[in-house]
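Only one structure is covered here, and it is reproduced in the block below.
What follows draws every value from the coordinates through simple rules; no lab data is involved. Every value quoted in this text rests on a predicted model; they were computed, and no experiment measured them. Glycine also receives a Cβ, built like all others from the backbone with ideal geometry; neighbour counts cover every protein chain displayed.
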Amino acid sequence: MTGTPAASDDGGLVQRIAMGDEAAFAAAYDRHSGQLFGSLVRFLGDREAAAEVVQDAFLALWRRASQFDATAGSLSAWLLAIARHRAIDRFRADARRAASRSIPLSALLPDERDEPGRAASEDLATARLLDTDPSVATAAAADPETVADRRWVQAGVRTIVSELPEAERSVVLLAYSSGLSQSEIADHLGAPIGTVKSRTRRAFARLRSGLADVPGLLEDA
Amino acid sequence: MAMDHAEAHERIADLALERDGLDRLRADPAPSDERALVEHVRGCPTCSADLATSHALRDRLQLALADLADGAALDPIGPPDWLRDVVLDAAHREPVAAGPSVAAGAAGPSVAAVPPRPSSWALPRWTAPQWAVGLAAVLAIALLGGLAGAALVRPGGPGLDPSMVAVVATLDRVLAEPDHRAVQLRTPAGTAAGSVAWSSSDIAVLASSLSAPSGDRAYRCWLEWSGRWAPVGAMEFAGGTAYWTGPVGEWADLMADPDARFVVTLEPAGPPRDAPAGAIVLEAGLGS
């Protein structure tokens with residue numbers, strides 16, 4: 001998960017990067033590429049595209065390390081902000097391409113001039129692209145910014161959850177994906193309720209910390 | 001009986017575990033068993049931020065996980081090994097543009113160099129028996145000691161103040177670490193008036209007894225040992241609470257020195273000095 005100890009000396013690392021220290025740059029990559037790549041793969045649904053954006057973000061760090069201001073946020077947040085911007089550009093472009101490919105499907109609708117029908121076909125195409133349900137794609141057509149933001153948050157949160165220790169990840173998953181109560185989770189795992197609660201509380205503490213480190217993931221909810 | 005910060009934090013954490021538990025606090029009128037919590041939160045920016053963050057976390061988790069078809073979607077996804085080589089090689093081939101120095105604060109919370117430390121200090125391992133205090137007890141020190149009695153009512157009611165979110169997040173990180181420590185800040189007269197809580201990575205300083213300084217003054221935090229001083233940072237205000245949070249970083253050794261003191265002084269505004277010029281308003285021995 002977003003490493004607090006790491007965050008504590010990112011400023012020094014960036015200072016060294018600004019002076020051309022490649023070892024510091026490698027250390028920054030090792031520290032932050034996991035979260036960045038995980039979020040991007042989940043957002044873009046494409047490992048190669050995610051790798052390209054990761055590369056762009058780190059080269060931006062290499063070129064502009066002297067502009068980094070630790071008082072304005074963490075290095076992790078800075079890298080994620082760059083990645084988010086580029087990833088959303090790609091996302092929009094892909095959505096536009098997917099929408100344009102949906103024209104043959106529009107032709108199957110009762111009235112080609114029927115705007116809601118056309119929108120529906122585009123939604124379906126976008127839905128395929130987003131690997132989500134058409135209602136989300138409808139929202140995408142109506143407000144692509146909102147959907148992109150929402151998808152980015154979803155990708156970021158899933159990545160931070162994925163970095164929890166296994167025992168904590170499993171209780172979070174059972175609570176929020178399966179909708180189980182704490183006592184149901186205890187039954188499911190065959191663990192004492194106290195153990196489940198303490199795991200969940202530890203997970204929450206880590207998640208709050210991890211999410212608070214990334215602008216837009218927690219404070220705007 | 002009025003609820004204190006420690007109880008409020010504990011109760012919010014408990015409610016966050018229950019399905020729809022946090023939503024009970026939004027009922028009007030509040031359920032009788034939660035009335036004390038609701039009353040407390042209404043007048044306390046820190047606990048209000050705590051509650052809002054808990055709500056936000058719950059909402060974010062629901063958004064991100066509710067429609068998850070397969071737990072495998074939460075398996076960690078690591079970058080391919082080749083990407084590291086590509087990125088490092090690309091940087092190697094590209095000279096770094098000369099630019100202004102990294103903004104102040106980028107290297108840590110202090111802008112002044114920390115004087116050399118006694119070399120005889122070994123960083124002690126914070127053992128469980130020494131710090132085996134429960135969450136409530138630590139919070140009682142870290143929050144109750146720091147915030148009790150403060151006039152924290154904010155016009156317009158409780159909201160999510162980003163600075164408080166950051167403070168709560170730092171406190172969370174500190175308290176989640178088993179080896180964290182906390183000491184009470186006291187006025188020169190000996191009155192408990194705040195707290196310093198720290199882990200191996202973060203420090204959180206909270207004080208409720210300080211009045212907001214005039215524009216030409218600032219409260220500054222220091223570490224003192226053997227008559228030597230290291231500037232830590234200037235305190236901010238939210239509601240009636242003065243706070244400073246930041247990484248332990250270069251102060252790790254000092255924070256582990258039981259003979260060192262954490263001191264807050266009222267200083268003339270401006271760049272930090274090497275040693276305080278103003279009066280000590282709060283202090284705590286780190287071994288206390």
Centroid-to-centroid separation of region B:194-222 and region B:1-66 [C-alpha atoms, Å]: 26
³J(HN,Hα) computed for each position of region B:14-27 - Karplus, 6.51 cos²θ - 1.76 cosθ + 1.60, integer Hz, glycine/proline x: 5, 5, 5, 7, 8, 5, 6, x, 5, 5, 4, 6, 8, 5
Quick one: check the C-alpha center-to-center distance for region A:27-75 versus region B:260-288, whole angstrom. 38
Among A:174-182, B:271-279, A:9-17, what's the highest-first ranking by average C-beta atoms within 10 angstrom per residue? A:9-17, A:174-182, B:271-279
Based on the alpha-carbon gyration tensor of region A:10-96 and its eigenvalue square roots a ≥ b ≥ c, which shape applies: rounded if a/c is under 1.5, prolate if not and a/b is larger than b/c, or oblate? prolate
Pull up all non-local amide H partners of B:ALA256: gap of 5 or more, or a different chain, and H-to-H distance under 5 Å with H placed in the peptide plane. none
With the crude spin-label approximation of a point 7 Å out along Cα→Cβ, what separation in nm comes out for B:GLN62 versus A:SER178? 2.1
Can you compute 3J(HN,Hα) from phi for each residue in region B:189-203, using the Karplus curve 6.51 cos²θ - 1.76 cosθ + 1.60 with θ = phi - 60°, rounded to whole Hz and x for Gly and Pro? 7, x, 7, 5, 9, x, 7, 10, 10, 8, 10, 6, 10, 10, 10
